[in-house]
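Let me begin by presenting the structure, written as structure tokens, before commenting on it.
The values are calculated or read from the model by the stated rules, or taken from the named source; none is laboratory data. These numbers come from a predicted model, not from an experiment. Cβ coordinates were reconstructed from backbone atoms using ideal geometry, including for glycine residues, and neighbour counts include every protein chain displayed. To get the accessible areas, we keep the full protein, side chains included, count just its heavy atoms, and leave off ligands, DNA and RNA. Shrake-Rupley method; radii C 1.70, N 1.55, O 1.52, S 1.80 Å.
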Amino acid sequence: MARRAVVLISGGLDSTTCLAMAKAKGFEPVCLAVAYGQRHAVELEQARKVASAMGVKDFRVVSIDLRQVGGSALTADIEVPKDRPADEMSHGIPVTYVPARNALFLSLALGLAEVVGSTDIYIGVNAVDYSGYPDCRPEFIRSFETMANLATKAGVEGARFTVHAPLSGMTKADIIREGVKLGVDYGLTHSCYDPDPQGRACGRCDSCVLRRKGFEEAGVPDPTRYVEGA
């Protein structure tokens, strides 16, 4: 029986590629999606479709309401920035940063890993095209891994957790090329922070800009459904 790995999945391009990479390593994925009150909740529908298309047998959704915390354009009544130039995106931490999101997500994944008997967690964070999010950096991932081995029953009893972040250091184009090699259907994925009621991408938020640039640089047709004129 294949070793299990808990894979955090959002329905986006990065986490979908990460899932494909975990499968390619021979892991049986236990997928965990988080409904946290995000304005782009359509991504959860896509996460379920992605998991189904990739043959995932164990797909779970945990609900936490981060709107009660707020502080982000994704969880509060704050406008999502649009049409930011590349040099602006590469400086500072944008208002789409969700306070402590990846720490929370990894904590949920860690708990699930203990329950299903896994010591491997996959997360699709990316430290190159990452829009300035501090919880996407390799040093955060390594620090969380250390904490995981200190703070769990499994860790105390000798298990050693590994947090895999295979996309760290890859450009968006690199990620797309890798996904194409692994047979990922990017038409199922959703990345936009501010989609319209039909779930179409705005084409103008940071996530859309980085995604579109990635497909262009990878030389791969962009299957994204954009709003008219985007």
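Using 0.36 nm per residue, how much length does the chain from ASP77 to ALA103 gain when fully extended, once their Cα-Cα distance is taken away?
On the way: separation 26, 0.36 × 26 = 9.36 nm, distance 2.28 nm.
Between ASP77 and ALA103, full extension yields an extra 7.1 nm.
Measure off, as a whole percent, the carbon and sulfur share of the 1.4 Å-probe accessible area of the chain, all protein chains present. C and S fraction of accessible area: 52 percent.
Can you pull out the GluC sites (Glu not before Pro) in the range 1-79 whose DSSP state is coil and whose Cβ has at most 10 other Cβ atoms within 10 Å? Write out the running numbers ahead of the final one.
On the way: sites: GLU43, GLU45, GLU79; in loops: GLU79.
Counting only loop positions with at most 10 other Cβ atoms within 10 Å, the GluC sites (Glu not before Pro) in the range 1-79 are GLU79.
With all protein chains kept in place, the per residue accessible area of the range 1-154 amounts to 45 square angstrom at a probe of 1.4 angstrom.
Starting from the residue with the highest accessible area, list THR224, THR96 in decreasing order, probe 1.4 Å.
Working: THR224 30, THR96 5 Å².
So, going from the largest accessible area down, we get THR224, THR96.
Under 5 Å between amide hydrogens, built in the peptide plane, is the criterion, and for ARG4 it picks out GLU28 among residues at least 5 positions away or on other chains.
Could you rank LEU13, LEU104 by how accessible they are, 1.4 Å probe, largest area first?
Largest accessible area first, the list is LEU104, LEU13.
Normalising the Debye intensity of the range 1-61 to I(0), with uniform scatterers on Cα atoms only, and taking log10 at q = 0.25 Å⁻¹ returns -0.99.
Using C-alpha pairs under 8 Å with a sequence gap of at least 6, the mean separation divided by the residue count of the chain gives a relative contact order of 24 percent.
The 3J(HN,Hα) values that the Karplus relation (6.51, -1.76, 1.60; θ = phi - 60°) gives for the range 60-77 are, in residue order, 10, 10, 10, 9, 9, 9, 6, 5, 6, 9, x, x, 9, 5, 8, 10, 9, 7 Hz. Gly and Pro appear as x. Under a 5 Å amide H cut-off, with hydrogens placed 1.01 Å from N, ARG60 pairs with CYS31, LEU32, ALA33 among residues at least 5 apart or on other chains.
Among the DSSP beta bridges whose two residues both lie in the chain, what percent are antiparallel, rounded to the nearest 5? Please list the in-between numbers first.
Values: 1 of 18 bridges.
In the chain, approximately 5 percent of DSSP beta bridges are antiparallel ones.
Loop-resident trypsin sites (Lys or Arg not before Pro) (DSSP state other than H, G, I, E or B) in the range 74-177 with no more than 16 further Cβ atoms inside 10 Å of their Cβ: ARG160. Working note: Karplus 6.51/-1.76/1.60 with θ = phi - 60° gives the range 181-192 the couplings 4, 8, x, 5, 9, 6, x, 7, 8, 9, 10, 5 Hz, where Gly and Pro are set to x.
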